[in-house]
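Notes follow once the structure below has been shown.
The values are calculated or read from the model by the stated rules, or taken from the named source; none is laboratory data. Keep in mind that this is a model prediction, so the values were computed, not measured. Here the Cβ is made from the backbone with ideal geometry for all residues, glycine too, and neighbour counts use every protein chain on show. These area figures cover heavy atoms from the full protein model, side chains too; ligands, DNA and RNA do not enter into them. Shrake-Rupley method; radii C 1.70, N 1.55, O 1.52, S 1.80 Å.
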Amino acid sequence: MCKTKMAVNASDPNSVRTRPTQSPRTRPIQSSRTTSAPRQPTSTASSSSSSAAPSTSNTRTSSSYYTTTSSSTLSSRASLSSLRDSISQSPNIYDISEIRAATNNFLAKRHSSSSSAACWRCTLRNTETIIFQRKFRRKIEMSELIERLSILCRSHHTSVIKLLGVSISGDYIYLVYEFINGANLSDCLRNTKNPNFTVLAAWTSRMQIAADLAHGLDYIHNKTGLNLTLVHNHIKSSGIMITEPQLNAKICHFGTAQLCGEVNESENTKNKGKSEITELEDDDKEVKRSDSGNVQFEGVRGYMSPEFQVTGIATQKSDVYAFGVVILELLSGEEPLKFKYDKSRGEFVRTALIETASAVVNGAGEGRQGRLRRWMDRRLKDSYPVDVAEKLTRLAVECVLVDPNRRPDMGRVAGKISKLYLASKDWSDQLNRVSDQISVSLAPR
C-alpha cells in the first residue's frame with residue numbers, strides 16, 4: 001500500500017497541485033486507485049470554465065446591485081416627498097386640551113415666581129418643555145399668527161432658547177419652549193441668602209455671558225435670514241438663563257413680541273413712532289402715547305428706553321438699550337434701579353445704574369480707573385483687565401444713550417465684545433502661566 005502510494009506520487013508530481021481543488025473525502029481514494037495523469041486536461045478545462053463562470057456571475061450581480069440601489073434611492077425620494085406632503089401646514093399648533101392635561105388644568109405649581117407671566121414646567125409630547133401664558137396685546141388674524149409661528153420656529157441659535165409652538169384659548173396665548181436647566185442671570189448675580197457669594201466670580205465667565213448675549217441678540221436682529229423684522233422686547237437679567245458647566249447664556253422669550261402683538265410691523269406705525277420721538281425732545285409740546293386705546297404694552301422698570309416709555313413701540317434700538325442695562329448689571333452686580341433711605345433727607349433716594357456708570361466713564365479729571373474699580377463688582381476681587389472692563393463699560397453706556405439714533409447696532413456691538421472676549425482670554429492665559437511659575441512654601445523658616 002505504501003509502495004503504490006509512493007509510485008503514484010512519483011509518476012505524477014502534478015497531483016500535488018490538483019489536490020487542493022479536491023474535496024478532503026475523495027482525495028485519498030483518487031490517489032490510491034487511479035492516476036491523475038489522464039485527468040489533467042479535464043481538470044484544466046474544468047478549472048478554466050470555472051474561472052470564467054464567476055466573472056459572468058459577478059457582472060450580473062453588480063448590474064443587479066446598481067439597479068436595486070437606484071430603485072431604492074428613487075423609492076426613498078418618493079417616500080420623503082410623500083412624507084413632506086403629509087405634514088400639516090401648522091405642525092407647531094398645540095391643542096388647548098394638551099396644555100390643560102400637561103399643567104393639570106393650570107393648577108400645577110408654577111415654575112418661577114420671578115417671571116411676570118405664569119409659567120409651568122411640564123412634559124408635552126414626550127418633550128421637556130416650559131409653557132408661558134400671555135395675553136394678546138392686539139388682535140391678530142389666525143393666518144398671520146400661523147405664518148409668523150412657522151417663521152419663528154425655523155430659527156436656531158445656541159444662545160436662544162428654541163420656540164416649539166403655541167396654543168390659543170380666548171384672549172390668551174400659551175408659548176411652548178424647550179426646557180433648559182439652569183438659573184437666571186439675576187439670581188446668579190444677586191443671591192438673597194448670601195449676598196457675598198456669586199457663581200460668576202471669574203471675569204472670563206462674565207465675558208462669556210456678554211459674548212453669548214451679544215451674538216444671540218445680533219442673530220435675532222440681523223442674521224435669521226427671515227423676511228421679518230424681529231424685535232425681542234423682553235431683554236432683562238431675569239429672562240436670561242445661565243447653563244452649566246461652561247456658564248453659557250441663553251435668551252428666553254424669543255418670538256413673544258411677534259406672537260402676542262407687541263410689535264406692529266406696519267410702516268405707518270414706525271413713522272408715527274419717529275415723529276413722537278422728535279416731539280419728546282421739545283419740552284413745550286405734550287406727547288401722547290400712540291394707539292394708547294388699542295395697544296397695551298408692558299415693560300420692566302430700568303430696562304425700558306425713553307422712547308418706549310413714551311410711545312409704547314418696541315424697536316431694535318429699544319432692545320439695544322435693554323442689552324446695555326444687562327451688561328452694566330453684569331459688570332457691577334447691582335440692580336438697574338435701587339432705592340436707599342437717606343437719613344439726612346429723611347426719604348428714599350433712587351439710584352440708577354445708568355447714572356452711576358455714566359459718571360464713572362464720563363467723569364472729568366484723573367483717577368478714572370480708581371472710580372471704575374470702586375464701581376465694579378467687589379466679588380471679582382480686582383481680578384480683571386482694567387482696560388477691557390473700561391472699554392466694555394463705555395460700550396454699555398453707548399447702548400443706553402437717550403437718543404436711539406446714537407446707539408450702536410447689535411452687529412457692531414457683537415464685533416466689539418468678541419474682541420474684548422479674546423483679550424480677556426489672553427489675559428487669563430497669561431495669568432495662569434505666571435501663577436504656574438510661583439511656588440508657595442508653608443514650612444517654617
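Just checking, does the range 236-248 include any residue being within 26 Å of LYS425 (Cα to Cα) and without any contact (Cβ under 8 Å) to a residue 40 or more places away in the chain?
Yes, the range 236-248 contains a residue that is within 26 Å of LYS425 (Cα to Cα) and without any contact (Cβ under 8 Å) to a residue 40 or more places away in the chain.
What are the residues in the range 339-369 that are of a type outside the set (Ser, Thr, Tyr) and modelled with pLDDT of 85 or more, if any?
ALA352, LEU353, ILE354, GLU355, ALA357, ALA359, VAL360, VAL361, ASN362
Residues checked against (1) touching a strand residue (DSSP E or B) at 6+ places or on another chain (Cβ under 8 Å); (2) without any contact (Cβ under 8 Å) to a residue 12 or more places away in the chain; (3) among the small types (Gly, Ala, Ser):
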site: ASN104; (1), (2), (3): no, yes, no
site: LEU107; (1), (2), (3): no, yes, no
site: ALA118; (1), (2), (3): yes, no, yes
site: CYS122; (1), (2), (3): yes, no, no
site: PHE132; (1), (2), (3): yes, no, no
site: ARG137; (1), (2), (3): no, no, no
site: SER143; (1), (2), (3): no, yes, yes
site: LEU152; (1), (2), (3): yes, no, no
site: SER155; (1), (2), (3): yes, no, yes
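Residues that are among the aromatic types (Phe, Trp, Tyr), in contact (Cβ under 8 Å) with a residue 24 or more places away in the chain and closer than 26 Å to THR229 by Cβ: find the helices (runs of 4 or more DSSP H) completely inside the range 299-390 holding 2 or more of those.
Passing ranges, in order: 316-332.
If I ask for residues that are open to solvent by less than 40 Å² (accessible area, probe 1.4 Å), in a strand (DSSP E or B) and closer than 22 Å to ASN222 by Cα, which ones from the range 124-163 would you list?
VAL160, LEU163
Scan the range 220-238 residue by residue and report those that are in contact with a Leu (Cβ under 9 Å, 6 or more places away or on another chain) and either over 17 Å from ALA314 (Cα atoms) or among the hydrophobic types (A, V, I, L, M, F, W, C) (or both).
Across the range 220-238, the qualifying residues are ILE220, THR224, LEU226, LEU228, LEU230, ILE235, SER237, SER238.
Evaluate the following for ASN126: is it over 30 Å from PRO408 (Cα atoms), touching a residue at least 24 places away in the same chain (Cβ under 8 Å) and polar (S, T, N, Q)?
Here the answer is no, as ASN126 does not meet what is asked.
Here is a list: LEU185, LEU164. Which entry is within 18 Å of ILE93 (Cα to Cα) and of a type in the set (A, V, I, L, M, F, W, C)?
Numbers: LEU185 fails: within 18 Å of ILE93 (Cα to Cα).
None of the other options fit; the residue is LEU164.
Read through the list (1) more than 18 Å from GLU329 (Cβ to Cβ); (2) surrounded by 15 or more Cβ atoms within 10 Å (Cβ to Cβ), then give the number of the only condition that GLN246 fails.
The one condition GLN246 does not meet is (2).
In the range 225-268, which residue that is among the hydroxyl-bearing types (Ser, Thr, Tyr) and part of a helix (DSSP H, G or I) is farthest from PHE136 (Cα to Cα)?
Per the criteria, the residue is SER237.
Quick one: would you say THR103 is out of contact with any Ser or Thr (no Cβ under 8 Å at 6 or more places or on another chain), of a type in the set (S, T, N, Q), open to solvent by 40 Å² or more (accessible area, probe 1.4 Å) and modelled with pLDDT of 90 or more? So that I can check it myself, show each step before the final result.
On the way: out of contact with any Ser or Thr (no Cβ under 8 Å at 6 or more places or on another chain): yes; of a type in the set (S, T, N, Q): yes; open to solvent by 40 Å² or more (accessible area, probe 1.4 Å): no; modelled with pLDDT of 90 or more: yes.
So THR103 fails the test.
How do the pairs read when you match residues in the range 195-224 that are assigned to a helix (DSSP H, G or I) with residues anywhere that are among the polar types (S, T, N, Q) and open to solvent by less than 40 Å² (accessible area, probe 1.4 Å), using Cβ under 6 Å and keeping only pairs 6 or more apart or on different chains?
As it stands, the answer is THR204/SER424; THR204/SER428; MET207/SER424; ASP212/SER159; HIS215/SER159; GLY216/SER159, since those pairs meet every condition given.
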